[in-house]
Amino acid sequence: MNHFTDLPTHWESSRIDRVATVNARIGWKALTAAEYQHEGYAFLATPNIKNSEIDFENVNFVSEFRYRESPELQLTKGDVLLTKDGFTLGTVNVVRDLPRPATVNGSIAVLRPFGIHPGFLRYVIASAITQAHIQAVKDGMDVLHLFQRDIKKLPVPLPPYQEQRRIANFLDTETARINQLLGGRQRQVALLHERRTSVLTECVTYNEADAHAHELVGKIRADWPVLPLRRILPGINVGVVINPSTHFTKEGIPFIHGFNVRSGYIERNGMKYMSPESNSLLRRSRVRVGDTLVVRAGSPGRAAVVTREYDGANCASVLILRRSERVIPEFLAAFLNSPAGQGQVRFSQYGAAQEVISASQALAFVMPLPDTETQQSRVKSLNESVAEIQRMGQKLEQQLHLLAERRSALITAAVTGQVDVSTASGRGIED
């Protein structure tokens, strides 16, 4: 079904396999990561095509044999690359320059235009219409996949070739401006993340307010005792390790998974629920106000305090650090989320096959323990700083979202003939 409607009367409608060849790896032909070389033929992966320009530098390399065994995937200038696997499914780019011989891995399809301008095809695929079509036909539960047969059937609007070139050139210029703004906002977001790391560090170490010398900032105060968690906490429990999916209900008692535990807060999006009856059967994994939850696997070490909203909830995939009179929960969570705490998490995983931390490993973590009055003062300053960082972060995220929407809307309007690009240059990739 062609989703491009109300096109200009002099435009035609087609589909990808009528204007381009579509090729991708069928399996890996026994290729393994052990075959990667320090130099040779570039082997592009999804991260290499996700930005405005294809990255030919930060790549793996394969041998000449591996490069030549799939001639249809030997890249040429003007090829359009489309991610067909994973959560970045639908990412698209075009080979404008080819600084070295290159091919692609099994997650990328190579579309070689023969009846359409490469840049125009790239923007057609990036349009909201085609992206929605891709989401509608994707397959797979654990790993999303777009079959070649579905790629071939993707609809394509087809204006005269010179108009395609003008549209592509117009969008190159306009999206570059938007991408520049996006890049600036993304750098600001990165600076906010750095600032948050800094205030977490200052909470649990020397800071500017009490350092006697600048070089002491970030170091643990000499007058603070440093103790293992087993000497601080009254106990530690583990979230249920069985699969409680049969207990889940549409509403009821919150059931907190590891992915709900973020650095400093509990995320309600994606939250599961269970009945009070099921909750009563899983007593050891019930949480109370003031407990600190620590992610065990996947992204281990992230910590958040149980607030009154989640008092009595149940959980899985987390460690439950029971509240202690010796440490304020927010101070404990701040330490675990700080570079000092995260460093111990990483060290405990050294040599492990999976990214997991156990209760015994967590109890061996050591942390500074000032008096509770100092802890309260530090937490108060931390909360004030984090609140301001979050306010700024929310504004930046909103701006990023609006800019991305603007880019998508502009691309969609241009490839459907809703934008007048008659004054745009006709220069194209081949120029």
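Please treat every number below as a calculation from the coordinates, not as lab data. Predicted model, so just to flag it, every value in this text is computed and none were measured. Cβ atoms come from the backbone with ideal geometry, glycine included; neighbour counts cover every protein chain shown.
For this structure, a couple of remarks:
- Projected-area average for region 133-192 over all orientations - Cα convex hull basis, square nanometres: 6.9
- From phi via Karplus (6.51, -1.76, 1.60), per-residue ³J(HN,Hα) for region 185-200 in Hz, x at Gly/Pro: 5, 5, 5, 5, 4, 4, 5, 5, 4, 5, 5, 5, 4, 5, 6, 5
- Along region 148-162 the Karplus relation, 6.51 cos²θ - 1.76 cosθ + 1.60 evaluated at θ = phi - 60°, assigns HN-Hα couplings of 4, 4, 6, 4, 4, 8, 4, x, 9, x, 9, x, x, 4, 5 Hz to successive residues, with x for each Gly and Pro.
- For the chain, the relative contact order works out to 18 percent when only alpha carbon pairs closer than 8 Å and six or more residues apart are counted.
- Selection among 329, 94, 63 by position relative to the dipole of the chain gives 329 as farthest towards the positive end (Cβ unit charges, Cα centre).
- Helix-only mean residue ellipticity at 222 nm for the chain, each DSSP H run of n ≥ 4 adding -39500 (n - 2.57), per residue, nearest 500: -11000 deg cm²/dmol
- Coupling constants for region 314-326 follow from the phi torsions by the Karplus curve (6.51 cos²θ - 1.76 cosθ + 1.60, θ = phi - 60°), and in residue order they are 10, 7, 9, 6, 9, 8, 10, 8, 5, 4, 10, 6, 8 Hz; glycine and proline get x.
- Global geometry of region 34-76, whether rounded, prolate or oblate, following the gyration tensor of its Cα atoms and the 1.5 cut on a/c: oblate
- Overall form of region 265-384 per C-alpha gyration tensor (a/c, 1.5; a/b vs b/c): oblate
- About the centre of its Cα atoms, region 79-199 shows a dipole size close to 180 debye [charges on the beta carbon of Lys, Arg (+1) and Asp, Glu (-1) only; nearest 20 debye].
- Most fluctuating residue given options 227, 171, 369, as computed from a GNM of the chain linking Cα atoms under 10 Å: 227
- Reported label for calculated volume of the Cα convex hull per residue in Å³ given (1) 194; (2) 158; (3) 128: (1)
- Amide H to amide H distances under 5 Å link residue 94 with 81, where only residues 5 or more positions off or on other chains count and H is placed in the peptide plane.
- Exceedance of the 25 Å cut-off in Cα-Cα distance is limited, within the set 219/395; 50/272; 272/395; 272/380; 50/138, to 219/395; 50/272; 272/395; 272/380.
- Cβ-derived FRET efficiency at R0 22 Å, residue 76 paired with residue 36, nearest 0.05: 0.45
- For region 252-319, the Kirkwood radius over C-alpha pairs fed into Stokes-Einstein at 37 °C and 0.692 mPa s yields D = 282 µm² per second.
- Debye log10 I(q)/I(0) for region 1-118, one point scatterer per Cα, at q = 0.17, 0.22 Å⁻¹: -0.85, -1.32
- Under 5 Å, built H, 5+ apart or other chain: amide partners of residue 104: 44
- Loop sites in region 264-344: trypsin sites (Lys or Arg not before Pro), DSSP, at most 16 other Cβ within 10 Å: 268, 283, 284, 288, 322, 326
- Residues considered: 372, 292, 175. Largest GNM mean-square fluctuation over the chain, using C-alpha springs under 10 Å, is found at 372.
- Scanning residues 5 or more positions from residue 238 or on other chains, those with amide H under 5 Å from its amide H are 320, with H placed 1.01 Å from N in the peptide plane.
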